[in-house]
Each structure stands twice: as C-alpha cells, then as structure tokens.
1. Would you please give the FRET efficiency between residue 277 and residue 102, computed as 1/(1 + (r/R0)^6) with r the Cβ-Cβ distance and R0 = 41 Å, to the nearest 0.05?
2. I'd like the distance between the alpha-carbon centres of the range 344-410 and the range 235-295, rounded to an integer number of Å.
3. Shape verdict for the range 65-132, please, from the Cα gyration tensor: rounded (a/c under 1.5), prolate (a/b greater than b/c) or oblate.
4. Given just the C-alpha atoms of the range 101-216, how large is their convex hull per residue in cubic angstrom?
5. Quick check on the exposure proxy: order 130, 277 from fewest to most C-beta atoms within 10 angstrom.
6. Over the residues of the range 25-91, compute the C-alpha Rg and express it relative to 2.2 N^0.38 Å.
7. Once you have a ≥ b ≥ c as the square roots of the Cα gyration tensor eigenvalues for the range 171-217, tell me rounded if a/c is under 1.5, and otherwise prolate or oblate according to whether a/b is larger than b/c.
8. Return the ratio Rg/(2.2 N^0.38 Å) for the range 240-302, where Rg is computed over Cα atoms only.
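Please treat every number below as a calculation from the coordinates, not as lab data. The model shown is predicted, which means the values in this text are computed figures rather than measured ones. All Cβ positions, glycine included, derive from the backbone under ideal geometry; neighbour counts span all protein chains shown.
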C-alpha cells in the first residue's frame, strides 16, 4: 500500500523561486565536487571565522566540512550527491564524484543537462529570477531559447528602486538608449524594462529583493518630495533619498497591478554574512497589503525567523500567499514545525511549499529531496495524530507542492 511518503516522492514540485542563468551561461569543463556546495559555503565561512576560503585544499575543505554537514545547507549537499551518484560526500570520494560529474555532462547539450536535472528533482514548473543586479539588459534573456518550456520569469529591477548616484541613472540611459532627466522619465524606464522582459509573454512576477539593501518600511511620499529627492540625486546635493525610493516602490506596485503580475517579496533571513537581517522583518509590509488589496503577494522564505508572524499574515490577508522557498535548507526542522502550524491555521491553497533559490544547477536535486523529506515528516505526523486521513493528506500535498503555484503563476 502506498504511504504518504511514497506519494510525496512521486508528486512533482512547482518551484516558485530559482536563479538559473540559462543554457548559454554554462561551461562544464572544470566542474568538480564543489559544484554542490553553494549555500553551504556560507556556513563554512561562519565555521571558519573568515570571509574567504575558496583557496582551501581538498583536505582542509573536508576538515571544515565536518562542522557544516550537520546544518540544513550541508545536509542538502549530501542528499544531492547521494541521490545523483549514490556516493557519500567525503574526501575519499572526490575523484569519483568529479568523474561522475564529467560523465554526466559529457555528450549532453546544456538543454539536455537542464532537462535531466529537473527530471531527477521531479520539478515541472518554475518561476526564475535571473537577478540582473549589474546588467538590466538581461531581461532580454527571459525566453525559452535559454530555458525549459516550463519556466516562467520574475523581473527584478532593484537598481531602479534604490538608485543612489547619477552614474546608475546614466547606465540605465545607455542600456535603454533614452534620456532620464526627470522622475517621470525614470518611471517610464521602469515600465520599459518590465515590458521588455514581458515581451516573450513569460513574465509572471515582479521580484522585490530590497531587504538586502534597506528595511521593508515604505512610506507614501508626496510627488513633490519624490521629485526633490530625484533632483538632489542628479545634482549631487545632500538629502534623504528615501522619498524617491519609496515613490519608486509604489510605482512598481502600480506596474504590477496594471500588468496582472504577482509581487514576490524577499522576507526574513538574508544570504551571506554580516548583513542586518532585521531588514527582512515582514511585519513592516502589512500597510502595503492593506493599500493594495487587488495585488497578489508571494512572501518568500517562510519569513524565517519570523515564520509564525508570516503564518498570521497569510491567515489574515486574502491577497497574500506564504512561501517556503529556500527555507527548507536554512532550517529544515523548524520548517517541519512551521508547515505543521501553518496547515492548522492558513487555508492550504495559500501555502507554497518549495523553491530551490539556487544559482547553481546541480544543487537543485538535493534541495528538492530535502523539502520532500520535510513535507513527508510533517504529513505523517498529521496522519498519526488523526488530524488527516490519507486522502486529505494527499489533497494537501498536491495543493502545496504544485497546484497552488500553477494557479498563481499560470
């Protein structure tokens, strides 16, 4: 008889958040065992007490690995290597892992490599954020010549929301071949970039990653204050730019509303080290949900460590979906408890269970398996406590793993 764990292993994911750069971005000639590391590198920095360690020898790498393999980031690495090659991630297996990686990519096109990885992870839908932090022209690559057919895209334009020097404006002018001499010109540049990304018909969301740069408290400045801030920026005068940045945020919201796009917002923990993680507190967004009741908001990363608060927000606001992307690997045990709690409080069609949130391709396999394990642990508890029948558990699993996301992003 099929168990709920068996059912979860077979059920596909629609991931709401990934950071792939497309087929042409990859050169696999130097691929090696460190390809799987990704987020675990941050835990390794913390364990080592230093910022940079890429020059570590293989021996020193695995001396450090013993401190990290027990974290969620480390567990995902070991799950991925085990699932892909049935090998343990150890110093002794380096040569064999490297060999297996080269065999995997040999005689496959990059499109075929993508297809195989996502098939092994059983992912059949994806919203991809290419993170055009330095190059706004990357919006031109949001198409299926570079990505699988099941990819959708999120436009991310932080440069246009927290612009703080004239050079950034001039860079935008050069990339768009336009002149930006007023706030209204800047607003049109925002619209042009969103529409350029959407020209292939594949954009489904606007992404807000501003917690990495500022707190999520957005006032409603007067147009005069925003224009004055823009003028001060361009002339080099001193003065707060917050009125300009807040105005641009609200313009972004209006653009999403006009184009029927979901607004994805990074909440909670920040990747890296020495960041002010308080900036990700989702509580500050509550006025925004109230101001834009017709917008659909997808709140990322379970808001961890404010996950209980995010559950309350998801329960209270009909225009909010709460999303566990990335969170399973940050803190897998707490996410089991959070999913258990959320399912007891929030309508299950408003919960999105997964997104790998990875720049590297191969770690997708481990992250997906890690999330499946956590979801299975949680649903088994629901059944064992008599809260769910097997049929109810299967219904909930299908909703949170893929059906909710397809409805939101299709």
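1. On the way: r = 38 Å, r/R0 = 0.94.
The formula returns an efficiency of 0.60 here.
2. 27 Å
3. Details: a/c = 2.13, a/b = 1.28, b/c = 1.67.
Oblate is the answer for the range 65-132, as a/c is 1.5 or above yet b/c matches or exceeds a/b.
4. Working: hull volume 17.0 nm³, N = 116.
With only Cα atoms used, the range 101-216 gives 147 Å³ per residue.
5. Values: 130 24, 277 14.
Ranked by crowding around the Cβ, least crowded first: 277, 130.
6. The value comes to 1.10.
7. Numbers: a/c = 2.27, a/b = 1.13, b/c = 2.01.
Taking the square roots of the gyration eigenvalues as a ≥ b ≥ c, the range 171-217 is oblate.
8. Working: Rg = 13.0 Å, N = 63, 2.2 N^0.38 = 10.6 Å.
So the Cα radius of gyration is 1.22 times the expected 2.2 N^0.38 Å.
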